[in-house]
Amino acid sequence: MRTHSRTSRRRGQALVGLVAAVVLGAGSLAGCAEDPAEPPIGGASGGGANGGGGGGNRGTTLTVGVFGAFGLKEAGLYDEYMRLNKDVAIEQTSIERNENYYPQLLTHLGSGSGLADIQAVEVNNIAEVTATQAGKLVDLGRAEGVRKDSFLPWKWSQATTADGRTVGLGTDIGPQGICYRRDLFAKAGLPTDRTAVGKLWAGDWRKYLAAGKRFKARAPKGTVFVDSAAGVMAAITGGNEKRFYDADGRVVYKTNPAVRQAWDTAAEFAREGLTGRLQQFTPAWDQGFANATFATVSCPAWMLGYIEDKAGEAGRDKWDVAAAPRPSNWGGSFLTVPQAGRNKAAAARLVAWLTAPEQQAKLFEKRGSFPSARAAYDLPAVSEARHAYFGNAPMGRIFADAARRVPVQIVGPKDLVIAQNLADVGMLQVDQKGRSSRQGWDAAVKSIDNALDE
């Protein structure tokens, strides 16, 4: 995504944090290079590499601050808007990684200066922004051209305050499927047709576990069923209405049965020897794709391009994608308009246009970012979308079906901290070091408690 592999890199950061602790939502996973000397978060980059277009004699210049290869510029949407609006110039600044971008955004919101007319926010930061910064952001729910019913209800709610102000409009989401190797399934005596595969585990993640045990009984030498226990845990928790916080904003992951069920199921994958004991978004994980050492992975829409990149030509027509046991989401972002901006009305119009179903469909077609606007799902660019690498899988239909059924999820300000520690401190010990489920859980809780007390 993001040209397939690039999309995964950015979304993988909001996500990567989930399992890989590389950088959630942050700039591209590829972002090994350091950010250039802290560019101003709202500073326009003119016609340079990050710029959206030239100012010329246009009357209004709108600045956009994003993280990573966000995709709007790359998909040509800024250029299209400027062709339609001759009096507007758009200039974009991108900070490579969200872990550098987001603290700057909070600082500038606090001071009311140094902001772009439009600022992107990653999904794992949107709860904190909505709870603590709403007064400093324009209510886009009232902006001209914005229709609430065009968006998925759960996406809309993530950036809506308790008193009904919607401070961010969703750009994309990460509905999940299960990507699987048809060749390895065939050798293990499992069905290979994507509909039949989806029926193996339909409705229950423990059926996915049962399929893993069937695979293990006849697994080709040197292969396992799934990449990592942490990946399974993240996929399960991504489909629950309540995860780490309750509706009153209290941290409840320790006592939430849904979190413990996800933990216990993932730990059983590790205990049964069904995982590759890998940490996602690491060189070893990439090598697992290249060498076909695992048969399945929970995959949001943006990950298909990542798999294609890492598995290469050797994996073409061997990978496919089926529906996940239950609908789940991993990733996504928003656009906001700061009250301190100089061009609030014009910026709100641009955000409304960029997040309209037609533009989201174009972003999906060009960059692989799956629309958060449900009205886009009936447009041909989405409804007829197929992925040649994955056996011509009807990816538009598969992921739209999942997206429509994702529950409205309670998001909290420290979701990423909790998820990272559950995955990388707790479950990784169970998966890689053979620690007991209880030992891994206790280690994660201790680490989370310390982090939340800071």
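The values are calculated or read from the model by the stated rules, or taken from the named source; none is laboratory data. Note that this is a predicted model, so its numbers are computed, not measured. Neighbour counts are summed over all protein chains in view; Cβ atoms, including those assigned to glycine, are modelled from backbone coordinates with ideal geometry.
Which of the residues spanning segment 86-109 are in a helix (DSSP H, G or I) and in contact (Cβ under 8 Å) with a residue 24 or more places away in the chain?
Those that are in a helix (DSSP H, G or I) and in contact (Cβ under 8 Å) with a residue 24 or more places away in the chain: N98, E99, N100, Y101, Y102, Q104, L105, L106, H108, L109.
Which numbered condition trips up Q280, out of (1) assigned by TED's automatic domain parsing to the domain that holds F364; (2) in contact (Cβ under 8 Å) with a residue 24 or more places away in the chain?
With (1) assigned by TED's automatic domain parsing to the domain that holds F364; (2) in contact (Cβ under 8 Å) with a residue 24 or more places away in the chain applied to Q280, the lone miss is (1).
Is at least one residue of segment 323-336 touching a residue at least 60 places away in the same chain (Cβ under 8 Å) and farther than 26 Å from E241 by Cβ?
No, segment 323-336 contains no residue that is touching a residue at least 60 places away in the same chain (Cβ under 8 Å) and farther than 26 Å from E241 by Cβ.
Going through segment 364-381 one residue at a time, which ones are under 12 Å from E74 (Cα atoms) and basic (K, R)?
Listed by number, the residues that qualify are K366, R367.
Go through segment 160-197 and give me each residue that's under 20 Å from F390 (Cα atoms), surrounded by fewer than 16 Cβ atoms within 10 Å (Cβ to Cβ) and without any contact (Cβ under 8 Å) to a residue 24 or more places away in the chain.
A186, D193, A196
When segment 280-312 is examined, which residues are found to be touching a Phe, Trp or Tyr at 6+ places or on another chain (Cβ under 7 Å) and surrounded by fewer than 21 Cβ atoms within 10 Å (Cβ to Cβ)?
Correct list: K310 only.
Mind checking whether some residue in segment 198-217 is surrounded by 20 or more Cβ atoms within 10 Å (Cβ to Cβ) and of a type in the set (K, R)?
no
State which residue is surrounded by the most Cβ atoms within 10 Å (Cβ to Cβ) when the search covers only segment 351-385 and only residues that are of a type in the set (D, E, K, R) and closer than 20 Å to G305 by Cβ.
R367
Got a number for residues in segment 310-345 being in a loop (DSSP other than H, G, I, E, B) and not β-branched (V, I, T)?
The total comes to 14.
Which of the residues that make up segment 247-261 are under 15 Å from P407 (Cβ atoms), in a loop (DSSP other than H, G, I, E, B) and either modelled with pLDDT of 95 or more or within 18 Å of the chain's Cα centre (by Cα) (or both)?
Listed by number, the list holds a single entry, N256.
Show me the helices (runs of 4 or more DSSP H) found entirely inside segment 357-443 where at least 1 residues are within 17 Å of the chain's Cα centre (by Cα) and in contact (Cβ under 8 Å) with a residue 12 or more places away in the chain.
It comes to 357-367, 395-405, 415-420.
What are the pairs, 6+ residues apart or on separate chains, where a residue within segment 230-243 that is free of Cβ contacts under 8 Å to residues at least 24 places away in the same chain and under 18 Å from L428 (Cα atoms) has its Cβ under 7 Å from a residue that is among the β-branched types (V, I, T) and not in a helix (DSSP H, G or I)?
none
Looking only at residues that are touching a helix residue (DSSP H, G or I) at 6+ places or on another chain (Cβ under 7 Å) and within 20 Å of G315 (Cβ to Cβ) in segment 218-230, which one is surrounded by the most Cβ atoms within 10 Å (Cβ to Cβ)?
Among those residues, the one meeting the criterion is S228.
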